Each structure stands twice: as C-alpha cells, then as structure tokens.
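In what follows, a single structure is set out as structure tokens and then discussed.
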Amino acid sequence: MPDHPAPVPRFARLALLPLLLFVAGCQSAVLDPAGDVALQERNLIYASVGLMLLIIVPVMILTVVFAWRYRKGNKDATYDPHFDHSTSLELVIWSAPLLIIIALGALTWSSTHLLDPFRPLNRISATQPKPKNERPMLVQVVSLDWKWLFIYPELGIATVNELALPVNREVRFDMTSTNMMNTFYAPTLAGMVYTMPGMRSTLHAVLNRPGDYEGMSANYSGAGFSYMRFKLLGVDNAGFDRWVNEVKARGGSLDTANYLKLEKPSEQVPAMFFSSVQPQLFQRIYERCVTPGTPCMSEIMARDAALRGAKPHEMRPVGAPAGRTSIPREKPDGALLKESEEIEPAPHLSKPPQPGAPGSTKPDSPRNRDMSFLLLPTVPGVTGAARG
C-alpha cells in the first residue's frame with residue numbers, strides 16, 4: 001500500500017471551488033440559537049421545511065421513476081394515448097398539498113401568537129418556567145446612523161455597539177429610531193424587529209447560554225449600514241454585575257449635549273460606555289424632542305386636544321413645530337350622516353347654458369362648451385366612436 005494518498009486532480013479541485021464559495025457565505029447563527037425565542041423560531045423553520053419536503057421529495061423521486069419507467073426503450077410499460085382522468089390519482093394529487101397547507105396555516109397561526117414580540121415570555125427555556133415574581137430587565141434600544149445605543153434605565157448606564165445580558169433572565173427591549181427605519185436583529189437571541197422614528201417597538205427575549213454573539217442591522221439604511229453591528233455578550237449574574245461596574249467606572253455622561261453629538265452620522269464606531277444617563281432621554285428620543293426648545297409629540301397632542309373645542313378666534317398653533325399653520329380638527333360628518341334639515345345647499349357653480357349655441361350645425365364652435373349635451377351629425381360610413 002502507498003504511504004501517501006494519491007493527489008487530487010486539478011480539475012476536481014476546481015470543481016469544489018463553487019461549493020466552497022457557497023458554504024463561505026453561510027452562517028450558523030440562525031440554526032444555533034442561544035435563547036429560547038430563537039430556538040422556537042429555528043424549530044419553526046425545521047417544521048416548515050419538513051412539511052414542504054413531504055411534497056418536494058416524492059415529486060423529485062417520481063419524476064425520475066416515471067422518466068425511467070416510460071422511456072422509449074421499455075416495451076413492458078403500458079401506453080394508453082386515450083388516458084384523461086383518474087379519480088384516485090386526482091385525490092392524491094390534490095389532498096396531499098391541501099393537508100400540508102392546512103398544517104402550515106395552523107403552525108403559522110399558533111406561532112404568530114406564541115412568538116409575538118410584544119408578548120411577555122411564559123418560560124425561560126423548555127425545561128425552566130418563568131419565575132412568578134421576577135420582572136423582565138428593561139433595555140432601551142435606539143438605532144442611529146450608523147450605530148446602536150443601548151440604555152439600561154434601571155441601572156443608569158448606557159453603551160454603544162455593545163449589549164450585555166444575564167443568562168436565564170427575561171429581557172424587554174423598547175426600541176425606536178432617530179432618523180430612518182431600521183431593523184434590530186440578533187440571530188442567536190430572537191427574530192428581527194423594526195425600529196422607526198416617532199414609534200416604539202417591543203421585543204421580549206432571553207439568553208440561555210453564555211457566550212459572545214453578534215447583532216446587526218438587517219435593513220439597509222445608508223452608507224454605514226454594513227458596519228452597523230454590535231457585540232452581544234451573554235454572561236452569568238456575577239459576570240453581568242462585573243460588567244456593570246466596569247461601565248460605571250470607565251464611562252462618561254450621556255446628557256443632551258453628548259447625545260446630540262452621538263446622533264450625528266458616523267461609521268465603524270467602536271464600543272462606547274456611559275456611566276450615567278439623563279433621565280427620560282429615551283422618551284425624548286422617541287417623542288423627537290431632544291433638541292432644546294423642540295416640543296414633544298405628547299405635548300403637541302395634548303395642546304391640540306385642549307384646543308379642539310375652542311372658538312375659531314382662539315384656535316392658534318400654540319407650541320406647534322415650525323411649518324404648522326393650523327390646529328387639526330375632527331373630520332366633519334358627511335352629508336349622508338346628517339339629517340335633511342342640517343344640509344346646507346351649496347351654490348351651483350356650473351356655467352349656465354347660453355342661448356343661441358350653434359350645436360350640431362357648427363360642431364367646432366367654442367360656444368358649444370356651454371351646452372351639457374352635444375349631438376354630432378350623422379356621417380355615412382363613420383361610427384359614433386370614430387366621430388367622438
């Protein structure tokens with residue numbers, strides 16, 4: 001026997017190159033979850049693919065079987081040129097896909113409710129129930145251009161592009177955006193949730209396994225989108241306490257002035273830490289009133305509601321943002337919703353017909369515009385559509 005294996009031919013190595021390029025683009029984060037929500041989502045993918053393969057695999061096998069069985073050289077195969085219908089075959093062809101669609105619909109309906117990101121978790125893992133008196137840890141997420149801001153309001157700290165979570169502890173994420181729509185996505189933690197300016201999204205999730213993971217933006221948002229990634233750290237309770245103490249020891253202050261600097265677009269931003277956060281900063285970001293002198297959305301809506309019943313001469317845009325010239329009022333009821341005595345007749349604005357319009361005698365006369373009906377003269381051999 002030879003001591004060394006035979007060398008692989010060059011053409012065989014070149015044939016493997018497309019396969020290597022294909023595998024290089026794959027990531028196992030979605031199929032290797034570290035949290036219970038991501039685990040259920042992965043199982044949903046497996047179940048959906050398995051149900052669909054119940055049709056795809058038999059069809060692929062039967063395609064080869066039929067092609068071989070009814071080939072031209074097989075004289076034993078039955079040839080029936082008058083075949084047009086088989087009840088048993090029709091039942092198989094239509095019932096199997098119908099049952100799979102019903103199963104997929106039921107699976108989609110149940111998982112849509114069970115994995116609703118706004119829904120609090122009912123368990124920590126498949127083997128660990130959720131403690132009854134334990135409140136979820138709150139993390140406020142802000143997507144900026146092009147970085148992620150994480151605020152821990154209960155701890156009074158904040159970070160940029162680094163998110164640490166204790167394992168086996170439910171976390172509630174409140175999310176918004178400063179400038180444009182984005183997507184918060186940590187594949188090993190949970191699915192994608194969109195962040196939008198002036199709106200607040202919510203996600204409940206949990207990490208069950210310590211480790212270093214990665215999160216990203218899954219929605220194109222400009223030039224720095226490719227670098228809009230953050231580090232996700234899963235640590236035990238003691239490790240999380242040490243991490244919090246390190247942030248408080250080396251971080252600065254996230255006040256209004258520092259936030260307005262942070263809000264400016266920047267790319268490839270390294271991890272940043274803030275040992276203190278101005279109170280209600282996330283609420284002001286969400287209501288788009290961080291800049292001094294800018295009214296918050298809740299203030300504008302409260303003033304609008306207070307002025308909605310005011311008299312016309314009292315209606316003025318108090319505290320409204322630049323560009324607003326009127327206070328929005330309730331939409332008036334249409335005429336169909338009013339009594340006949342409540343409807344005020346509107347003046348008829350159509351131009352009254354003028355006497356002496358030439359009509360069909362002079363079809364090109366501009367005075368025919370004053371008539372409500374114009375009958376063109378009949379031309380032999382020409383239809384009405386052609387004349388119109």
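Every number here is computed from the coordinates shown, using simple stated rules; none is lab data. Being a predicted model, the structure only gives us computed values, none of them experimental. Glycine also receives a Cβ, built like all others from the backbone with ideal geometry; neighbour counts cover every protein chain displayed.
Antiparallel DSSP bridges in segment 137-286: what percent, to the nearest 5? Approximately 65 percent, going by the DSSP bridge assignments. Computed on segment 200-299, with alpha-carbon pairs under 8 angstrom and 6+ residues apart, the relative contact order is 22 percent.
Taken one residue at a time, the phi angles of segment 199-211 give Karplus couplings (6.51, -1.76, 1.60, θ = phi - 60°) of 9, 10, 9, 9, 9, 9, 7, 7, 9, 10, 9, x, x Hz. Gly and Pro are set to x.
Arranged from highest to lowest average of other beta-carbon atoms within 10 Å per residue, in what order do the peptides 119-125, 38-44, 159-165 appear? Numbers along the way, then the final one.
Values: 119-125: 14.1, 38-44: 17.4, 159-165: 21.6.
Result, highest mean first: 159-165, 38-44, 119-125.
What percent of all Cα-Cα pairs in segment 137-286 falls into each 10 Å bin, going from 0 up to the bin containing the maximum distance? Percent of pairs per bin, in order: 12, 46, 37, 6. The label point for VAL92 and the one for THR63, both projected 7 Å from the Cα toward the Cβ, are 1.8 nm apart. Shown here for segment 145-253: chymotrypsin sites (Phe, Trp or Tyr not before Pro) in loop regions (DSSP other than H, G, I, E, B) with at most 15 other Cβ atoms within 10 Å, namely TYR220. Counting beta carbons within 10 Å around each of VAL92, VAL206 and listing the fewest first gives the order VAL92, VAL206.
Using 0.36 nm per residue of separation minus the Cα-Cα distance, give me the extension gain between SER125 and SER226 in nm, one decimal.
Details: separation 101, 0.36 × 101 = 36.36 nm, distance 3.27 nm.
In short, 33.1 nm is gained.
Below 8 Å between Cα atoms, with a sequence gap of 6+, how large is the relative contact order for segment 137-286 in percent? Spell out each step's value before the answer.
Details: 363 pairs, mean separation 45.4, N = 150.
Answer for segment 137-286 is 30 percent.
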